[in-house]
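Shown below is the structure under consideration.
Derivation of every value follows stated rules applied to the coordinates shown; laboratory data play no part. Not measured: the values here are computed from a predicted model. Cβ: placed from backbone, ideal geometry, glycine included. Neighbour counts: every protein chain shown.
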Amino acid sequence: MSDRGYTADEMMTVAASRALQNGQVCFVGIGQPSAAANLARQTHAPDVVLIYESGTLETRPDVLPLSIGDGELAETALTNVSVPEMFRYWLQGGRIDVGFLGAAQVDRFGNINTTVIGGTYLKPKTRLPGAGGAPEIATSARETFILLRQSPRAFVEKLDFITSLGHGNGGNSRAEAGARTLGPTRLISDLCQMAPDPETRELIVTTIHPGVTRDQITAATGWDIRFADSVTETPVPEPTELAVLREIHARTARAHAGQA
Amino acid sequence: MSDRGYTADEMMTVAASRALQNGQVCFVGIGQPSAAANLARQTHAPDVVLIYESGTLETRPDVLPLSIGDGELAETALTNVSVPEMFRYWLQGGRIDVGFLGAAQVDRFGNINTTVIGGTYLKPKTRLPGAGGAPEIATSARETFILLRQSPRAFVEKLDFITSLGHGNGGNSRAEAGARTLGPTRLISDLCQMAPDPETRELIVTTIHPGVTRDQITAATGWDIRFADSVTETPVPEPTELAVLREIHARTARAHAGQA
Amino acid sequence: MPRAVITSLEEAVAENVRDGDSLSLEGFTHLIPYAAGHEIIRQGRKDLTLIRMTPDIIFDQMIGMGCARKLVFSWGGNPGVGSLHRMRDAIERDWPLPLEIEEHSHGAMANAYEAGAAGLPCAVFRGYIGNDLPKVNDRIRSVECPFTGEKLAAIPAMRPDVAVIHTQKADRRGNVLLEGIIGVQKEAVLAASRSIVTVEEIVDDLGGGPNAVILPSWTISAIAAVPDGAFPSYAHGYYPRDNSFYKAWDPIARDRETFRAWMDSHVMQRKAGEGVQ
Amino acid sequence: MPRAVITSLEEAVAENVRDGDSLSLEGFTHLIPYAAGHEIIRQGRKDLTLIRMTPDIIFDQMIGMGCARKLVFSWGGNPGVGSLHRMRDAIERDWPLPLEIEEHSHGAMANAYEAGAAGLPCAVFRGYIGNDLPKVNDRIRSVECPFTGEKLAAIPAMRPDVAVIHTQKADRRGNVLLEGIIGVQKEAVLAASRSIVTVEEIVDDLGGGPNAVILPSWTISAIAAVPDGAFPSYAHGYYPRDNSFYKAWDPIARDRETFRAWMDSHVMQRKAGEGVQ
């Protein structure tokens, strides 16, 4: 924890939480997206609808899942559907407002790699877990938010593999590839938030987290990062947000420890 | 009732019932197919599996349904699935051994019309109910049994409309049209049973119900009907079969009268 | 996504059903939305494209009352009884209006609803092999499997302007439970731009199991409590199908005058949800 | 259709799983058929094409023990923990054997199972837009919608030789109930030529509601009662997921020797269904 009273990860989770609006239907992944979405549900957006790709519709977990199909998700869900139905009726069917995406690598247009790093595809230096639901979340959710801690290894000039489409080569290339949705409208890191330039679709910095410098952001980005004309400071986490988030994490740690 | 102690319809239902083997999975329609299938289940084929297109899997109705989705079918079913699932996973998925088909008209190759008679398609003399599940039952069930009372108006030289494929123009034409299943292997009328000739696939008479003459069959058929080399007499209904069938009909009449 | 509005049947129809709409009323024998259909007739909607796998008495009534311009269907009869006389009169003799038809098989319509719910432009399935339906319906086409070369049938996904269904229960947040024979109702609602669900009752707790068939509130436009709203079809757990009504309908519908008189006294002069008994 | 044989886990595997088979073990976090996977390892099956949307520890173990020639998957990791070290060792360094991979997205695999259950040659969906997966997987192709001209993704239907799943209950006739997170297990069984279902218990009455997720006996080859058969994953209503096991697996699997020693004492020297705890 910094001397500001919150960690960079907490700032990142709180910023992501605030980006969700009450009533939106959100396709959630495990890890930070799950923390952010449940923080939103327990603070400003009580009616946000959380959906996990395991088939749990409108779930209200008390503790964060370690995996995408934890029992807690099923037990607190309005109902559970099969995985084919989830991908056909709910994601492809256009019922998701916001999809959260993580990544191993992201490029300046919000394209994502979670497949391989280094070497060749068949003999990679590092074999990552792969696509999961991301390729279709990236093109079927109305918009996506990318959550990723910023570093030159993660924010790269050129991806080793495109697992999920962002804004392609920029400009109109996403739509030309056949995608009918907005794509990444927001990237939230531990240093700042970015949004696509309306014309070039390149991700540019729009808000900087308190205490972070432009130089830090530039050093943590593998491409020549640009800043919006009117960059603002990300509002600091409210005490309530921090209290609720920490309580979620504490409950989660107790619950998972209890399953030893 | 004839002086034989059973009606022609009873003979027809009993013959259809006997054609079902224990353990077969049978896609049933309302009316006589339902009576035949449930008679089989309550006599020689206790493990025959009955499926109705409304989505009821492995149903054991006590009374016959008036419609394809009567409550009795759902309440006695192992489980109920949606209609899309029924047509995709269960019928198209190749899980049906025998499909029963009725018809307004049938031709010598077992093709069926349940769409229009006379006039044109757009301005028909008689508008029939239409296809229902029949076109896909006809091509997805491993084999089909056609049940139809025999008359020159029903057994016609040329159909006014082909609603469901039988053996096409005969010979190999069914397979050439893209069907991968056996098609009609049996036609059961109130006068006789027919089966396709192994080469021409034309329906020919294989057994004649007791008391029926060849002339009666010829007169009741709109094409030049052929008889197999070794035509036999259809075995008469057993007393048990008649007792069970009549009890089914009596229960059904009582149940439907009670819903006035 | 906005949640369902819980309102009256009159308002639900007035807000969501417009002249010229394509309108799906589904229910496979079970849970047919009769009360909603009657309210649409009473509100005098015209020029509708009516969509239903099994048009039965409710569509016979809507067609006979002049609501429909076109019918999309796969089996049009009075189950176990006979013909739909008003439907036939419209097709065969243009009364009260000419009726355009788009005719399919059950398998095709079930797949088309599924594709509509799945957000696809078309349904792909193994069907329509060797029959005449593709000759009279130019919305039946084909695609080739890029792996096996097999020719598969394709029809456009069903995407009605409005879907109307009836179910057992909604909760106070507007989530809806269906059970028993569930037909294609879930798909019809998910495929439609707007939707009306009438229910037997609105309850505190739906009480479904972990995998119950549930439509979340945010997939529905309007919900109205209409007890007996599926009569003379049935609602599993509430009341049985009135088979005698289906049989009695046949002579009523055979004659134009008898039909109009019956509709006048049993539908037009009654209020929303009052029933026809 | 023949009904399921209720038998032992050893016999179920011996009768239904053959060297060279394509073999789907499904379970989306929930109800992963660990005990059956261990029995397949013990019986020394080789040259398998392993199919699973989310290969996790059970596939890490099967790959590390040399059962697999090929892996078909869409997300291969230890959820919330990190990499599958045995899977990576096989892909990156051919140990113990080279491992061919066929890689998809979840959406694609879910659709491919659905198409397999539906008896279709291929799945058609909106997917794989603008990414590199089609460049490395020639089983990702496309078809054109004959109505809108939209290019849709197509992949071959999943049709494994054998599907293996674990569920809560079977009844004495061999009908099987699943509840909670149901994943793609029903589709996997319906898509496969043969199937093995292990269950927590065999009961007189499944007790599901009218629309419970049930696989009828005649869709299954063999059923074996294996209590705790999904451990360390979970069985809704029976036992929770052992998250600590998933975390503890990471250091075990990092090293080839540690891994082999663990497998020897926890799997190879135990009997079918005895568990690894």
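For C:Val276, B:Val116, what ranking results if the residue with the fewest other Cβ atoms within 10 Å of its Cβ goes first?
The most exposed by this proxy come first: C:Val276, B:Val116.
State the antiparallel share, in %, of DSSP beta bridges confined to chain C, rounding to the nearest 5. Walk me through the numbers on the way to the answer.
Details: 15 of 46 bridges.
Within chain C, antiparallel bridges account for around 35 percent of the total.
How well do other chains shield peptide C:240-248, expressed as the mean number of their Cβ atoms within 10 Å of each residue Cβ? Intermediate values should be presented prior to the final figure.
Numbers: counts 6, 9, 2, 10, 6, 2, 4, 3, 1.
For this peptide, the per-residue mean of nearby foreign Cβ atoms is 5.
Got the D:Ser265 label distances to the other copies yet, label 7 Å along Cα→Cβ, in nm, shortest first?
Reported distances to equivalent positions: 8.8 nm.
Hey, any idea what the orientation-averaged projected area of the convex hull of the range D:1-116's Cα atoms comes to, in nm²?
Numbers: hull surface 31.3 nm².
Over every viewing direction, the Cα hull of the range D:1-116 projects on average to 7.8 nm².
Hey, what's the Kirkwood Rh for chain D if you take every pair of different alpha carbons, in angstrom? Write out the running numbers ahead of the final one.
On the way: mean 1/r = 0.0526 Å⁻¹.
For chain D, the Kirkwood estimate is 19.0 Å.
Between the range B:203-218 and the range A:118-163, what is the separation of their alpha carbon centroids in Å?
So the two Cα centres are separated by 72 Å.
Moving to a separate point now. Taking beta carbons within 10 Å but only from partner chains, what does the mean come to for residues B:61-68?
Numbers: counts 0, 0, 0, 1, 5, 10, 15, 8.
Shielding by partners across B:61-68 averages 5.
To continue, here is another question. Using the 7 Å Cα-to-Cβ label point, sort the distances from B:Ala257 to its equivalents in the other copies shortest first and give them in nm to one decimal.
From this label point to the equivalent ones elsewhere in the assembly: 7.4 nm.
While we're here: Below 8 Å between Cα atoms, with a sequence gap of 6+, how large is the relative contact order for chain A in percent?
Values: 549 pairs, mean separation 47.5, N = 260.
Reported relative contact order: 18 percent.
Please report the antiparallel percentage of the DSSP beta bridges confined to chain B, to the nearest 5. If you can, show how the numbers build up before the last one.
Numbers: 16 of 35 bridges.
About 45 percent, rounded to the nearest 5.
Using modelled amide H (1.01 Å from N, peptide plane; none on Pro or chain starts), what sits under 5 Å from the amide H of A:Phe145, excluding residues fewer than 5 places away?
Hits under the 5 Å cutoff: A:Gly99, A:Phe100, A:Leu101.
Okay, moving on. For D:Phe59, D:Phe259, what's the fewest-to-most ordering of other Cβ within 10 Å of each Cβ? Before the final figure, lay out each step's value.
Details: D:Phe59 24, D:Phe259 20.
The most exposed by this proxy come first: D:Phe259, D:Phe59.
Using the Cα atoms of the protein assembly as shown, I'd like the radius of gyration and the largest Cα-Cα distance, Dmax, both in angstrom.
Spelled out, the Cα radius of gyration and Dmax of the protein assembly as shown are 30.3, 105 Å.
I need A:His209, D:His30 ordered by Cβ neighbour count within 10 Å, fewest first.
A:His209, D:His30
Same structure, new question: Which whole-number percentage describes the relative contact order of chain C, with Cα contacts under 8 Å and a sequence gap of 6 or more? If you can, show how the numbers build up before the last one.
On the way: 618 pairs, mean separation 68.5, N = 277.
Once normalised by length, the contact order is 25 percent.
State which entries of D:Lys135/D:Lys186; A:Lys158/D:Lys70; C:Lys247/C:Lys271; A:Lys125/A:Lys158 exceed 19 angstrom in Cα-Cα distance in the structure shown.
Numbers: D:Lys135/D:Lys186 31 Å; A:Lys158/D:Lys70 30 Å; C:Lys247/C:Lys271 25 Å; A:Lys125/A:Lys158 16 Å.
Over 19 Å apart, Cα to Cα: D:Lys135/D:Lys186; A:Lys158/D:Lys70; C:Lys247/C:Lys271.
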